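Step one of this worksheet: look at the structure below.
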Amino acid sequence: MKPAVDVDRIRDASLLPIAEKVAQGTRLDTADALALFRTPDLLGLGHLADAVNQAKNGRVVTFAANQHINPTNICVLRKTCVFCGYARLPKEDGAYRYTLDQVLAEAEPARTGLTREFHIVGGLDMQAGLEYYTTMFRALKREFPHVHIKALTAVEIAHLARIEKLSWKEVLTALREAGLDTMPGGGAETFSAAVREQIADRKLGGADYIAVHRAAHELGIRSNCTMLYGHVETMEDRVAHLSMLRDLQDETGGYLAFIPLAYHPDDNELGKRLQREGRATTGFDDLRVLAVGRLFLDNFRHIKSHWIMVTPFLSQVALAFGVNDMEGTVVREKVYHAVGATTPQGLPLAEILKLIRGAQRIPAERDAFYQVIRHFDDDLPRVAAD
Ligand code: SF4
C-alpha cells in the first residue's frame, strides 16, 4: 500500500521532492535525510512519517508488557562513558552485582503479573562472565518459562567474548542455548568515531556494534537497534548512523525495531557541559528523530518511542510522527533514572491504553517478535507479524 501523502500539508517547499519520493515509495538518500533533519516544517515532516507508518501498520499501536532487570552496575568503562550515570567501579558507593537469588527475586512479579519479556542489561563487570549469565538465563527460563529473554547489548556480548577469550558467535551461541531469545539495541550511542572519542572513548566502535548484530542475525537471533542523540553529534553523524543500520537491515533483515534514545543531561559529566552550552534534546528534536527514522529506514517496520526518556505525553504525540510501538508496562527501570529521568519507573496498562486511544489509535499488546497477542477492542482489525 502506498503512503497517502497530501502535499498541501507540506509548508517547506524544499520538502516537496522528498514528499514525491515518499508518495512513490522511492528510497530516500542521505541528502534527503539531512534535509528532513534541518527542515523547520515539523508538521510536514510528521505528516510524511505518519503516512508511511499508516501504510505499513494501519492505526494499530503496539506495546509489550516487559520487566527490566539490571543485574550489575559495575562497569570497567565507568570513567570513559561520560554520559552514563548508572555505572560504578567495584568499590564505589552504590555498586551492586545481584546474586542469582536476587535476580530471581527481582523477576518474581512476572510469576503472577502480565510480564511477557525480561529486558536484561547491565555494566561490563569483570566478575560477571559467561557462566554468570548462562546460569541466570537457565534459572529464569526454568522459573518463568512463558517469559521471553531479551538480553545483553552488543557491547556486553563483546565484553564477554573478550574476558572469556571466545568469538562473538561462540558467546551468542552459549547464551542462546541458555535461554536468550533476542538482543536489545542499546550501546550503539552514535556511531561516528569523532563522537565516540568525546562521549564513550573506549566503548565498542560503531562498525563492531554492527558486526556483533550481524553475527547475531546470522545465528537467527533477532535484535533491536538504537541511536543516542542530542549530545555532541552533528546531523551528518545522525544520517551516517541511520545509513549503517539501514545497510545491515538490507543485508540480514534481522532488526525488529529502531528505537531512538534521547540523551539525558542530568547527573552525568557530559550533561553538565552540554547544559552550560544550552544543549539538550527538546520535544521538537525528539519528534524529528522519530519521524526521520520512519522515513529513512524504509526497511524497518517498527519504530518505537521510549517514554522513559521523552515522557509518556510526548510518546503519545509521537504516534502521529511515524511511531507504531510504545515502550511497554516497564517494571523497575534503573538505567535512565540513574541519570535523572523524572518519568515514572513503570506505566500501568490502563495508562498505556489511555495514551494510545487518546491519540486515536488502536492499542494491541504484542510479543517480542511484534506478533499481536491481545487486542482490547474486539471489532478492530488484526495486524500480521513480520
Ligand atoms: S554506558 Fe554502559 S558501558 Fe558505558 S559506563 Fe555505562 S554501563 Fe558501562
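The values are calculated or read from the model by the stated rules, or taken from the named source; none is laboratory data. Bear in mind the structure is a predicted one, so any value in this text is a computation, not a measurement. With ideal geometry, Cβ positions are generated from the backbone for all residues, glycine too; neighbour counts draw on all protein chains shown.
Okay, here's what the table says:
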| item | result |
| --- | --- |
| Flag for E236 being within 27 Å of F284 (Cα to Cα) and in contact (Cβ under 8 Å) with a residue 12 or more places away in the chain | yes |
| Test: residue in region 62-82 that is in contact with a Leu (Cβ under 7 Å, 6 or more places away or on another chain), within 16 Å of the ligand (Cβ to nearest atom), modelled with pLDDT under 95 and closer than 18 Å to V289 by Cβ | no |
| Single match in L45, L89 (criterion: farther than 24 Å from P109 by Cβ and surrounded by fewer than 20 Cβ atoms within 10 Å (Cβ to Cβ)) | L89 |
| Residue within region 346-354 that is hydrophobic (A, V, I, L, M, F, W, C), over 21 Å from I149 (Cα atoms), at pLDDT 55 or above and in a loop (DSSP other than H, G, I, E, B) present | no |
| Test: residue in region 231-239 that is of a type outside the set (D, E), touching an Asp or Glu at 6+ places or on another chain (Cβ under 8 Å) and outside any loop (DSSP other than H, G, I, E, B) | no |
| Some residue of region 368-381 being over 18 Å from L319 (Cα atoms), at pLDDT 90 or above and acidic (D, E) | no |
| Criterion violated by R176 - all others in (1) over 18 Å from A211 (Cβ atoms); (2) surrounded by fewer than 23 Cβ atoms within 10 Å (Cβ to Cβ) satisfied | (1) |
| Output for region 155-201, where each listed residue is under 25 Å from Q67 (Cβ atoms), part of a helix (DSSP H, G or I) and either away from the ligand (no atom under 11 Å from the Cβ) or acidic (D, E) (or both) | E156, I157, L160, V171, L172, A174, L175, R176, E177, A178 |
| Of all residues making up region 1-16, the number that are surrounded by fewer than 18 Cβ atoms within 10 Å (Cβ to Cβ) and assigned to a loop (DSSP other than H, G, I, E, B) | 5 |
| Count - residues of region 268-310 that are in a helix (DSSP H, G or I), basic (K, R) and modelled with pLDDT under 95 | 3 |
| Filtered residue count, region 85-107, keeping only those that are within 10 Å of the ligand (Cβ to nearest atom), within 29 Å of F144 (Cβ to Cβ) and in a loop (DSSP other than H, G, I, E, B) | 2 |
| Identity of the residue in region 109-154, of a type in the set (K, R) and closer than 26 Å to A87 by Cα, that ends up nearest to the ligand (Cβ to nearest atom) | K150 |
| Some residue of region 132-153 being more than 22 Å from A110 (Cα to Cα) and assigned to a helix (DSSP H, G or I) | no |
